[in-house]
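Report on one structure; see the data block that follows.
The values are calculated or read from the model by the stated rules, or taken from the named source; none is laboratory data. Since the model is a prediction, treat every value here as computed from it, not as a measurement. For neighbour counting, all protein chains shown are included, and Cβ atoms are generated from backbone atoms with ideal geometry for every residue, glycine included. With ligands, DNA and RNA removed, areas are computed over all heavy atoms of the protein, side chains included. Shrake-Rupley method; radii C 1.70, N 1.55, O 1.52, S 1.80 Å.
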Amino acid sequence: MQVMRQAIETNSKNVNVDLILRLADVWKTCNKIRAASFRVGLNLWDWYRPLDPDGNCLLSESKFVSILAGPLRPVVGLSDAEISQLADYFRAQDGRVHYHQLCQIIHGEDASDRSRTSADCILEACPPPPEPRCHTLDMWQTRRLCCLLATIAARDLPLRPYFQDYELVAKNDGRITFAHFARILHFVGVILSPEDFNLIVRRFIKDSYTIDYVEFLKAVEAVKKEGIQGLGPAYQHPGAVLDTTLPKLSRPEVEAGRPGSLLGTEVFHPALQPPRPPRALLDVMLRVQEFVLQRRIRVSEHFRDFDALNSGRIMPQQFRRALDAMGLGSVISEQEAACIVRHYLDPNDKERVCWRTFEDDCDQVFTVKELEKHPEVDPGAMAAVIAELPASGSAAEKHQLTDEDLDQAEAVLLRIRAACKERSIDLRPIFGDYDKLRCGHVSRSVVRSALSRGGVLPAPAHMRALEARYLDDCGFNFIALLNDFSKEDDSAEKLVDDENDMLQLEERPVESATVARALPAVGTPHAAHDPAQTDIVQILAKIKGRMVREGLRPRDYLRQFDKHNELVIPRPDFYRGMASAGFVLTPLEMDTVMDVFCAPTQRRYIDYDRFCRTVGEALAQEGLERAPLLQPVPHAPPPPTNNFLNFEERSIVSKALDKLSKHHDQVSNIFEIFKDADREQCGSVPPVAVQRALSRRGVLALLSARELQLICKCFSYRRGCGDEADMSIIPFGVQVDYRALCTALELVHATTRAQPC
């Protein structure tokens, strides 16, 4: 027994040693083939793939040996023993050779026939990762790299042998580390500056620490053979023509319009603000009068000292000095001050300025000179005009506030107000903590801090809409923002009926309190986002259904905004009235309704009378007094669900019902299982209950997951008072009408069994 045990141990040791030696020989053979493929550009895939038309990655031993021992023997230089070792190592159980594994070891995955060689790879469907932006070169860096490669190629240095020596030692696949690449260049005498070396690294880098020196050598060889044109169109430049004219630099921050958006954040530096647009003389004088009225300035006291003879005329330099003494330098620019000087020049003496006339124009905000000669003039008219001026530096003053901006700002106000009301947030003390000077203005960054402190997180598009409306030279006018909130609260509570009696209405949120959703881009067609929300027929049907189910009358909520009985109201008032009435529509649906029912010649006004008469047909039909024999039919709103199926989905549901019709209620008694799951006896159960019932009757295996989902979608029913939703995926709250499902199975079974005529 001991002798036998020693013999077995000796044999096992010999087998292990033989296996290790054979693996080492095979690996040496593979390294020899790999070196030859790099040296002469050999690709085994091109030799073996034509011999395998079926693409099963297997060849007979004779075909496998015929390639290595035939045309590739002088290239690779393998002996018969080495070829037989390769064939034995890669032989499959049926005697054929798995050439696919040998090619993968030598070259890696086959990039030219990836669909056949790696069809089972799940990651094949993923696109290759994009090139990092830090590896791309601009025009100037490309020209510099072009000149650098041309300089290296002009020296005619033998670079390939040094890289091949590194290949024999490192057994790599054409890549080299940064440090060794720099050593080789330094050894052959190519001394590069740090900027030039980083430029070569950015161009030929493969991963975080290696360079593809094969591509580098190809680029140098291309320059040697074909010159600069060999590098491709990206490196072409007029090298033979000396041109000192530089092209215009691209300014993406100017084209974008908002430099802060390029950095991913908002930048509030004054240098990034756009310059003030030029103003007309009338606008400039209105701002001067506003400045005089606010500070109660006596204009004559600043000009009187310069007019020693009391002639009412002074020098232009003295006039400018008096304007600076008044403090108008903070209101008007140098060009605007020069425009005022030119306007008040003496027509008889161009070297004098009539400061008395300027004083009379400025004092009109207090009183009118010689009012006894004009009894019909209103002395406070000018002060009223000054009071209606927009804030200095605001978008309204610059005439940059369009109707679309006003609509966006109004929508954002409604969202923030709804969020504050739902969460019981008071923004006034929060803004008051930041307003140390009690001036009613805070900085732009403070607005974001105050809103986030109150738990209101608006999107950047929302903040830009608010800044366009409330931002001026002093900062963000939060007092006007809070006053608009209070006005909306007051208008929402003043709702009257036909007899002008106050109605006690329960508090309803104006709309969703989600304020982080971005506003739709101005000028983008809404139909491109969701065509169903731009169909006016479906939107009116939705409004009529809510009117019938809840007894709402939109005229009671919209008529309060029409104080002069003009039958039209502004768009914000229409939006506010519909929200107060409880018609919760999406912004796209509300825009569609307002576009359809807008006044013919007034786009920003809505003909609410025509809208109320259109949707009022759901409650009472008009013109019945002209047809006394006509029997009115009440409006029956459809259930709030959307189970529309296209042609493909209807075909799938039809085949699924044919399968289930063989196990209808009379055979499987599946209706009782549905009734047991329906504890409220309302006729609908969740989709999970449908799956459980089909499983208990043993018919769930007949259906695929797609067929089961489409059946639940076809017979879906929304319970509660929720809005319509997309039924492509069964949402939360939608159940399946099992009574309709069982009835459909009975009908399909009866129709299938019927004999043809």
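Worth a mention:
- A single member of Gln621, Gln602 is among the polar types (S, T, N, Q) and more than 35 Å from the chain's Cα centre (by Cα), and it is Gln621.
- Boolean, Val548 is assigned to a helix (DSSP H, G or I), surrounded by fewer than 18 Cβ atoms within 10 Å (Cβ to Cβ) and either out of contact with any strand residue (DSSP E or B) (no Cβ under 7 Å at 6 or more places or on another chain) or outside the structural domain of Glu410 (by the TED database) (or both): yes
- Listed here are the helices (runs of 4 or more DSSP H) enclosed by the range 656-708 that have at least 2 residues being under 29 Å from Asn646 (Cβ atoms) and in contact (Cβ under 8 Å) with a residue 12 or more places away in the chain: 670-677, 687-696.
- Residue count for the range 143-163 satisfying the condition of being farther than 19 Å from Tyr209 by Cα, at pLDDT 80 or above and not in a loop (DSSP other than H, G, I, E, B): 14.
- Yes/no for Val412 being farther than 30 Å from Phe574 by Cβ, touching a helix residue (DSSP H, G or I) at 6+ places or on another chain (Cβ under 7 Å), not assigned by the TED database to the domain that holds Arg571 and not polar (S, T, N, Q): no
- Residues located in the range 168-225, provided they are open to solvent by 90 Å² or more (accessible area, probe 1.4 Å), aromatic (Phe, Trp, Tyr) and in a helix (DSSP H, G or I): Phe187
- Test: residue in the range 339-352 that is under 56 Å from the mean Cα position of the chain (by Cα) and within 30 Å of Ala468 (Cα to Cα): yes
- Single match in Arg34, Arg91, Arg49 (criterion: within 23 Å of Arg160 (Cβ to Cβ), open to solvent by 20 Å² or more (accessible area, probe 1.4 Å) and not assigned by the TED database to the domain that holds Leu159): Arg34
- Residue within the range 704-713 that is out of contact with any Asp or Glu (no Cβ under 8 Å at 6 or more places or on another chain) and modelled with pLDDT under 85 present: no
- Taken over the range 610-653, the residue count meeting the criterion of being of a type in the set (Ser, Thr, Tyr) and at pLDDT below 80 is 1.
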